[in-house]
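Okay, structure first, notes after.
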Amino acid sequence: MPLEFGLWRVDDKPVRVVTRPMRLENRLEEFIEADPDILGRTLLLIGRQVQTDYGKFIDLLGIDGEGGLHVLELKRDRTPRDVVAQLLDYASWVQDLSNERVREIYGAYARGRGLVEELDEAFALRFGGSPPEALNSAHTLTVVASEIDAATERIVTYLAAGYQVPLNVLFFRHFEDEGRSYLARTWLIDETETAVTPAGAKSRRKQEPWNGTDWYVSFGEESGSRSWEDALRYAFVSAGGGEWFSRTLRSLPLGARVFTHIPKTGYVGVGTVSGEPQPFEEAVLTVDDESRLMSDLPLKGHYRTNGPATDEEDGEDRREWVVPVAWDAAVPRAKALWRTGFFANQNSACKLRARFTIDEVSRHFGIG
């Protein structure tokens, strides 16, 4: 049966608030754009009237905190068959959107509305962190309607429940009471997880492309085990204390460009890997054109393993590993650069795909 609900004002006794007809769907698009939280889901809108490659226009396109896309289509005066068929057509287009295309859609939307133009920055402002490397790993389809008929309910429930199509209906009802207007909302399918993940090679296109050169390095200064002052002066990065911490750093290839970040502080240097990874006790660095054992240098960090270098039970290497770097530009900790939307990661090193971070850090440090 068609979905319905009522609203009562309760003072001395319950008084039902009158449902008023309203050309609501002509205004819902504006309401949602003005305050996406009206949907009951935390979304960042990235497009309105987005033109597909087939000449059709998606009413609203959003992204969630996991990087999944949400297609919102207003029912307006269309039949259930028409609006559902339209959404499925949009889904066939949306599922193939690459990371770059998603960013282009947001950029065009932002420029037309005076918003921050980089998706990374807008994402961080909305969700409190940088976007996942893979955008559009899933998508969700929503019919937005001011009323719902039995046919729409049957079709949507059949597709969503029977065939796991990521489809739902967000139903709004308009009420008036003593000169005030109210909107009430509910979902047709309660708490459904209407999202699908594209399979196979397509999912790889959802990541930003890697340029084959740039890497992210996290330089932790916890517990005085290492010091950025040492790394800045003697040109190196390091990590250790366990296999998980040093393994990714040891994978840095010669010639890699490293964007070095101090956790909870910011980016402090960009340089090129100039030597092979070495355990601290054997590491040799070039100081004033002279090769020196790192352990012989006056260092602020201690870089030595507390306890045995290799765990006797699991055989895990706990040594500090050092990678020489030729700094293109580097600054003291106090001059670290951080902007909302910058990439940050717990790995000691990983491929850096975040174009916004690469561009802004390079620009700040004057690197081409």
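The figures follow:
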read-out	value
Members of segment 130-167 found to be at pLDDT below 90 and at positive phi, listed by number	Gln164
Candidates Gly55, Gly129, Gly162, Gly67 - the one that is in the same structural domain as Leu43 (by TED's automatic domain parsing) and touching a Pro at 6+ places or on another chain (Cβ under 6 Å)	Gly67
Tally, over segment 26-59, of residues that are more than 21 Å from His174 (Cα to Cα) and among the aliphatic types (A, V, I, L, M)	6
Set Arg111, Arg78, Arg103: member being in contact with a helix residue (DSSP H, G or I) (Cβ under 6 Å, 6 or more places away or on another chain), among the basic types (Lys, Arg) and in the same structural domain as Val143 (by TED's automatic domain parsing)	Arg103
Check on Ile58, modelled with pLDDT of 95 or more and under 20 Å from Gln207 (Cβ atoms)	no
Failed item in (1) farther than 26 Å from Ala344 by Cβ; (2) within 31 Å of the chain's Cα centre (by Cα), with Trp215 passing the rest	(1)
Every residue from segment 132-187 that is touching a helix residue (DSSP H, G or I) at 6+ places or on another chain (Cβ under 7 Å), within 30 Å of Gln346 (Cβ to Cβ) and in a loop (DSSP other than H, G, I, E, B)	Leu135, Asn136, Ser137
Failed item in (1) buried (at least 17 other Cβ atoms within 10 Å of the Cβ); (2) at pLDDT below 90, with Phe5 passing the rest	(1)
Selection within segment 252-264 - surrounded by 15 or more Cβ atoms within 10 Å (Cβ to Cβ) and either out of contact with any strand residue (DSSP E or B) (no Cβ under 9 Å at 6 or more places or on another chain) or assigned to a loop (DSSP other than H, G, I, E, B) (or both)	Leu252, Ala256
Residues located in segment 317-368, provided they are surrounded by 20 or more Cβ atoms within 10 Å (Cβ to Cβ) and at positive phi	Gly341
Residues of segment 53-74 that turn out to be surrounded by 24 or more Cβ atoms within 10 Å (Cβ to Cβ) and out of contact with any Leu (no Cβ under 8 Å at 6 or more places or on another chain), as a count	0
Some residue of segment 149-165 being in contact (Cβ under 8 Å) with a residue 60 or more places away in the chain, within 30 Å of Gln207 (Cβ to Cβ) and aliphatic (A, V, I, L, M)	yes
Test: residue in segment 141-150 that is over 33 Å from the mean Cα position of the chain (by Cα) and not hydrophobic (A, V, I, L, M, F, W, C)	yes
Glu133 surrounded by 16 or more Cβ atoms within 10 Å (Cβ to Cβ) and of a type in the set (D, E, K, R)	yes
Any hit, segment 289-308, residues being in contact (Cβ under 8 Å) with a residue 40 or more places away in the chain, surrounded by fewer than 19 Cβ atoms within 10 Å (Cβ to Cβ) and in a strand (DSSP E or B)	no
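The values are calculated or read from the model by the stated rules, or taken from the named source; none is laboratory data. The structure presented is a predicted model; accordingly, all values stated were derived computationally and were not measured. Backbone-built Cβ (ideal geometry, glycine too); neighbour counts: all protein chains shown.
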